[in-house]
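Undergrad: Got a structure here, written out as structure tokens. Questions coming.
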Amino acid sequence: MACYLKHAVYSKTVTPLILLIMKSLNLTTIILLAITAFCFQNWSSQSSYIVGDKAEDFSLMNVDGKFVSLSKYKGSNGLLVIFTCNHCPYAQIYEQRIIDLHKTYAPLGVPVMAINPNSPLVVPEDSYEEMQKRAKLKKYPFAYLFDEEQTVMPQFGATRTPHVFLLDSNLVVRYIGAIDDNPETPSAARNRWVESAVNAMMAGQFPSPDFTRAVGCIVRKKPK
Amino acid sequence: MKPSHSHRFRLVLSLWALTIFTPRITFAQEYSIYDNIEQLEARIRQAGDATVVINFWATWCKPCVEELPCFDELKAQYPDHEIEVLLVSLDFKSQLEKKFVPFLRAQNIKSEVVLLADMDVNTWMPLIYEAWDGAIPATVVLKGDKRDFSLGKFDSLEELDAFIQPFLVDANTLLKPVTCGGK
């Protein structure tokens, strides 16, 4: 879907390659190769989930040293997969709200699963050890997983921190987006989107809206 | 030793000079505050036929800050083109005096800076680019009805140039090697 996002940037590197191939191959093959090259470079790739998609299983290391898999949550009433991290100021201002979401909805069978998608090679504050420290300091009541290989982040199409994906009991995506519409003052939020979405889902309805946008820190990929 | 009159005069003169000239240097950086997206849209329309490069950034966003020098060099790179560079910050207005203004002063940014304080992000963001879901840095280049978007940091001026080239008529520019810093 979003493979065009950075295509312009890569066109310069891809062009010589195309010229080289052009000598030996036909036009269709060239176009196919070009598209592959563009999309391959893009990290919000075509596999990004949209509302209605079923999330694939994965297993990531939690801050307690144990692996946690998505399938473990099957049978709960749902799950809030929240991509967040240590370093991002926006993740920090939403941190307490993420804790509160877990405290409110975990007893109702919809817990939070936090995932740090950033590469500590680029952001040292987001290393596994720093995650452990933060989880302990802030007494995270939820799992805080490390997507070290950065494989889960592109599956979901998580681009920023914080970035929320609400899954239902069958691990089908029901809502993608922001927690609310007021980063600075939680009490002044006019829309608490995640709360509304979870409430709607638990009432057997489709969340509306099921997709929202919000400012956040871009996911930092490990250097190529 | 008692200072002479001429010494005193010189001292007073230099103090006067300091108070008069220092603020002019320090406050050289101007910025606009747009409280709603309509103001940004009006500013874009005002550019007419020029190519407009809009970089969305914030003082708290490390990759944004790293790539700012690239955008600040951009206008100088295309002396023969009508190109306007807008650095649109998504900093909180409440942090204006504490963070935003000191940052601008310290960085000595030459480009036009806007603080976009429209809090209704979910509404205005798709007006800028439909596929943008909120991560920054993000950059839009536009000319008339033509528009393109790039998510993430540009690592070099060459990368940024490749993104902008399709929006320049008869682009034939020699780029100075400028890196945007950081990883």
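The values are calculated or read from the model by the stated rules, or taken from the named source; none is laboratory data. Only a predicted model underlies this, so the values are computations on that prediction, with no experimental measurement involved. Reconstructed Cβ throughout: ideal geometry from the backbone, glycine too, with neighbour counts over all protein chains shown.
Undergrad: Quick check on my filter: what residues within the stretch A:144-166 are under 18 Å from A:Phe211 (Cβ atoms), crowded, with 23+ Cβ neighbours inside 10 Å and away from every other protein chain (no Cβ under 14 Å)?
TA: A:Leu166
Undergrad: Residues that are within 30 Å of B:Ser150 (Cβ to Cβ) and acidic (Asp, Glu), at least 1 per element: which helices (runs of 4 or more DSSP H) completely within the stretch A:126-216 meet that? Before you say what the answer is, go through the steps one by one.
TA: Working: elements: A:128-137, A:152-156, A:193-202.
Ranges flagged: A:128-137.
Undergrad: Restricting to the stretch A:50-76, give me the number of residues that are among the polar types (S, T, N, Q) and out of contact with any strand residue (DSSP E or B) (no Cβ under 8 Å at 6 or more places or on another chain). Don't jump to the end; show me each part of the working.
TA: Going through the stretch A:50-76, the residues among the polar types (S, T, N, Q) turn out to be A:59, A:62, A:69, A:71, A:76.
This time we only want the ones that are out of contact with any strand residue (DSSP E or B) (no Cβ under 8 Å at 6 or more places or on another chain), so: A:71, A:76.
Summing the residues that are among the polar types (S, T, N, Q) and out of contact with any strand residue (DSSP E or B) (no Cβ under 8 Å at 6 or more places or on another chain) in the stretch A:50-76 gives 2.
Undergrad: For the stretch B:102-119, indicate whether the set of residues that are facing another protein chain (nearest Cβ under 8 Å), in a helix (DSSP H, G or I), of a type in the set (S, T, N, Q) and on the phi < 0 side of the Ramachandran plot is non-empty. Steps first, answer last, please.
TA: As a first pass, look at the stretch B:102-119 and keep what is facing another protein chain (nearest Cβ under 8 Å): B:119.
Now restrict to residues that are in a helix (DSSP H, G or I): none.
No, that holds for no residue.
Undergrad: Please go through (1) modelled with pLDDT of 95 or more; (2) facing chain A (nearest Cβ under 9 Å); (3) buried (at least 20 other Cβ atoms within 10 Å of the Cβ) for B:Pro126 and return the number of the only condition it doesn't satisfy.
TA: Condition not satisfied by B:Pro126: (3).
Undergrad: Please state which of the following conditions A:Tyr90 fails to meet, knowing it meets all the rest: (1) more than 14 Å from every other protein chain (Cβ to nearest Cβ); (2) among the aromatic types (Phe, Trp, Tyr); (3) touching a Gly at 6+ places or on another chain (Cβ under 7 Å).
TA: A:Tyr90 satisfies all of (1) more than 14 Å from every other protein chain (Cβ to nearest Cβ); (2) among the aromatic types (Phe, Trp, Tyr); (3) touching a Gly at 6+ places or on another chain (Cβ under 7 Å) except (1).
Undergrad: Being of a type in the set (Val, Ile, Thr) and over 21 Å from A:Gly216 (Cα atoms) is true for just one of A:Thr161, A:Thr104, A:Thr185. Which residue is that?
TA: Numbers: A:Thr161 fails: over 21 Å from A:Gly216 (Cα atoms); A:Thr185 fails: over 21 Å from A:Gly216 (Cα atoms).
Criteria check complete, one pass: A:Thr104.
Undergrad: Inspect the stretch A:198-215 for any residue being in the same structural domain as A:Lys72 (by TED's automatic domain parsing), crowded, with 16+ Cβ neighbours inside 10 Å and at pLDDT below 95 and give the result as yes or no.
TA: For the stretch A:198-215, residues in the same structural domain as A:Lys72 (by TED's automatic domain parsing), crowded, with 16+ Cβ neighbours inside 10 Å and at pLDDT below 95: present.
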